[in-house]
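Everything below concerns the one structure shown next.
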Amino acid sequence: MPYTPDTGDLLPPTVTICGSTRMWQAMADAALHETAAGRMVLAPGINMRDPHPLWEDSNAAHALKARLDALHLAKISVADEVLVVTDERLYLGESTRREILFAEAIEVPVRYWIAGRGRVGASALIPSPVRDRSDRQWAAAFAQLTAVAATGPDRLDLLALAAADLAVADHGFHATLADLHTAARTQLGTDLPDTERVIAAFATRTTARPTTDFLTNDADAATTPPAQISDDPTEAWT
């Protein structure tokens, strides 16, 4: 597939879900629908009602609860909209009420999701200058990706890159083409030919060349002498 989103909104709006953990399944349902609608979803990631070693000690549980409360306020602060999940009785726990007040204080729109019914009213998301600028940046990024591989990378290219990664993981940046072929055979279950494409894929992993050079069929990626690089993978990984 081309590197192109299926909507015109390249940087989707972010929705932060709030609610009591007693609404855990309803929050998961809301997250599913919001994601399917093309929104980035931030939601509680821990349900402390379920037993777990991380919070079986009461002191650890209190410390974790405070950390999670602060973390969720941070999620609200980066949201375009807060979606509060509740039930037909409009139950709101103490933490949820505090989160609603926080969202309103920093002028993040608040909307509601009723368990079993869905959203109450339409989304409050509106375009902003920041989002317009971000959309342009993402449009440029998608355009570059599409130019690199309009129909997606070739399967052989992906296998060669994967085998090169495995060879480097096992032997460092002094890995050889023989190591690549061994990794392809033993770990990927395939034999790779000694073509310029395979050599070029190997070069991107052992000489710090950009993967985009390889994907754009840059002949120099296969023929340029290897660069001198450090054994430190953080300095050479692309």
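The values are calculated or read from the model by the stated rules, or taken from the named source; none is laboratory data. All of these numbers come straight from a predicted model, not from anything done at the bench. Ideal geometry is used to build each Cβ from the backbone, glycine not excepted, and the neighbour counts take in all protein chains shown. Just so you know, the surface numbers come from the protein's heavy atoms only, side chains and all, with ligands and any DNA or RNA stripped out. Shrake-Rupley method; radii C 1.70, N 1.55, O 1.52, S 1.80 Å.
Ranked by solvent-accessible area (1.4 Å probe, protein heavy atoms only, all chains present), the residues Arg97, Arg119, Arg67 order from largest to smallest as Arg67, Arg97, Arg119. Would you please give the FRET efficiency between Ala61 and Ala105, computed as 1/(1 + (r/R0)^6) with r the Cβ-Cβ distance and R0 = 25 Å, to the nearest 0.05? Efficiency, rounded to the nearest 0.05: 0.35.
Solvent-accessible surface (1.4 Å probe) assigned to Tyr91 amounts to roughly 60 Å².
Once fully extended, how much extra length lies between Ile199 and Arg97, figured as 0.36 nm per residue of separation less the alpha-carbon to alpha-carbon distance? Don't skip to the end; give the middle numbers.
Numbers: separation 102, 0.36 × 102 = 36.72 nm, distance 5.92 nm.
That works out to 30.8 nm of additional length.
What size of dipole, in debye to the nearest 20, comes out for region 3-122 about its Cα centre when the only charges are +1 on Lys and Arg C-beta atoms and -1 on Asp and Glu C-beta atoms?
On the way: 12 positive and 16 negative charges, 44 e Å.
Roughly 220 debye for region 3-122.
Rounded, prolate or oblate: pick one for region 150-214, where a ≥ b ≥ c are the square roots of the eigenvalues of its C-alpha gyration tensor, a/c under 1.5 means rounded, and failing that, prolate if a/b is larger than b/c, else oblate. It would help to have the intermediate numbers written out before the result.
Values: a/c = 1.82, a/b = 1.18, b/c = 1.55.
Oblate shape, in that a/c is at least 1.5 and b/c is the bigger or equal ratio.
Can you tell me the FRET efficiency between Trp24 and Thr190 if r is taken as the Cβ-Cβ distance and R0 is 30 Å, rounded to the nearest 0.05? In this case the efficiency is close to 0.10.
Ranked from the most accessible area to the least, with a 1.4 Å probe and all protein chains present, what is the order of Phe202, Phe102?
On the way: Phe202 20, Phe102 65 Å².
So the residues, ranked largest to smallest area, are Phe102, Phe202.
When the residues Met23, Met40, Met48 are ordered by accessible surface, computed with a 1.4 Å probe over the protein chains alone, the sequence from largest down reads Met40, Met48, Met23.
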